[in-house]
Amino acid sequence: MTDFLTDALTLLADESAPLLSRLAMCTEETAARMNITSRKTLCEIVFYHVADSLSLVGDVRGARRVCDVGTGGGFPGLVLAALCPDTQFTLMDATQKKVAAIAKTAETLGLKNVRALCARAEEAGRAAEREQYDVVVSRALAALPMLSELCLPLVRVGGKFVAMKGPRAAEELCEARPILAKFFVGEPVVRREVLSGADFLSLAHAPNEEERAALESFCAMERLTLIFDKKRPTPPKYPRPFSKIARGGV
């Protein structure tokens with residue numbers, strides 16, 4: 001971990017920076033051995049994964065149970081678990097090797113509030129995980145019409161579904177309205193996530209060329225968070241088998 005990245009994590013997370021530094025290094029080590037993330041360098045992991053995940057801390061803090069659907073390499077779930085030790089996190093993915101890597105990382109970091117679960121969301125939403133979570137989060141798993149049907153059945157009545165999205169958020173929201181109506185979910189709160197590169201470039205230690213490029217690229221990304229409130233139980237029909245979800249329609 002370079003001095004600049006250490007300073008950057010301290011700026012982002014203050015006292016939690018050492019734990020997040022270890023998380024980033026564990027992820028880098030795992031990514032060198034298996035394909036758990038397309039972002040494999042330490043500076044990419046710090047910004048595209050850790051910094052990005054930190055934007056959701058306020059959405060999950062105080063929740064009893066949170067599920068991260070399609071967690072991949074463990075983001076945002078591992079970051080949120082590190083900052084919210086009193087919340088129980090289920091990190092769900094359908095790929096066993098990713099789930100095993102997440103479990104190992106959580107054990108290495110001493111995160112006792114993490115449960116790594118190998119499951120398909122559409123199956124979990126019809127079984128033991130149905131309507132069990134105060135908050136369900138997901139990042140970069142699928143377009144919103146599909147993502148909504150995978151995630152909303154896991155949310156308890158009175159809970160919320162939080163989707164991290166990019167520049168197609170408005171278009172995806174229009175496409176998702178028919179399925180959202182079936183779940184009796186209205187318009188989301190939409191939050192634009194902004195991270196200023198200037199704050200990092202003024203730190204005591206300057207970034208190297210690779211770090212500066214990663215920082216500038218990340219800060220230039222359009223990042224939107226959509227927050228949906230669930231007010232009624234999931235209709236028995238949902239979630240449908242994945243083949244039907246993939247075909248679209250409601």
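The values are calculated or read from the model by the stated rules, or taken from the named source; none is laboratory data. Computed from a predicted model, the values in this text were never measured in an experiment. So basically every Cβ, Gly included, is an ideal-geometry build from the backbone, and we count neighbours across all protein chains shown.
Among the helices (runs of 4 or more DSSP H) confined to region 59-163, the ones with at least 1 residues that are under 15 Å from the mean Cα position of the chain (by Cα), among the polar types (S, T, N, Q) and surrounded by 21 or more Cβ atoms within 10 Å (Cβ to Cβ) are located at 144-151. Screening region 31-58 for residues that are polar (S, T, N, Q) and within 15 Å of VAL79 (Cβ to Cβ) and picking the one that is nearest to the chain's Cα centre (by Cα) gives SER53. When you scan region 117-137, do you find a residue that is under 23 Å from LEU42 (Cα atoms) and either at pLDDT below 95 or touching a strand residue (DSSP E or B) at 6+ places or on another chain (Cβ under 8 Å) (or both), even just one? No - not one qualifying residue is present in region 117-137. Within region 198-221, residues that are without any contact (Cβ under 8 Å) to a residue 24 or more places away in the chain have Cβ atoms under 8 Å from residues that are in a loop (DSSP other than H, G, I, E, B) and surrounded by 14 or more Cβ atoms within 10 Å (Cβ to Cβ) in these pairs: LEU201/PRO207, counting only partners at least 6 apart in sequence or on another chain. Restrict the check to region 27-43 and report whether at least one residue is buried (at least 19 other Cβ atoms within 10 Å of the Cβ), among the basic types (Lys, Arg) and under 25 Å from CYS219 (Cα atoms). The answer is yes; a qualifying residue exists. Report the residue count in region 105-123 for those that are touching a Pro at 6+ places or on another chain (Cβ under 9 Å), more than 30 Å from LYS237 (Cα to Cα) and touching a residue at least 40 places away in the same chain (Cβ under 8 Å). Summing the residues that are touching a Pro at 6+ places or on another chain (Cβ under 9 Å), more than 30 Å from LYS237 (Cα to Cα) and touching a residue at least 40 places away in the same chain (Cβ under 8 Å) in region 105-123 gives 0.
Every test in (1) at pLDDT below 95; (2) in contact with a strand residue (DSSP E or B) (Cβ under 9 Å, 6 or more places away or on another chain) is passed by PRO233 save one, and that test is (1). Residues of region 166-176 being in a helix (DSSP H, G or I) and either surrounded by 14 or more Cβ atoms within 10 Å (Cβ to Cβ) or among the small types (Gly, Ala, Ser) (or both), which ones? Within region 166-176, ALA169, ALA170, GLU172, LEU173, GLU175, ALA176 meet the criteria.
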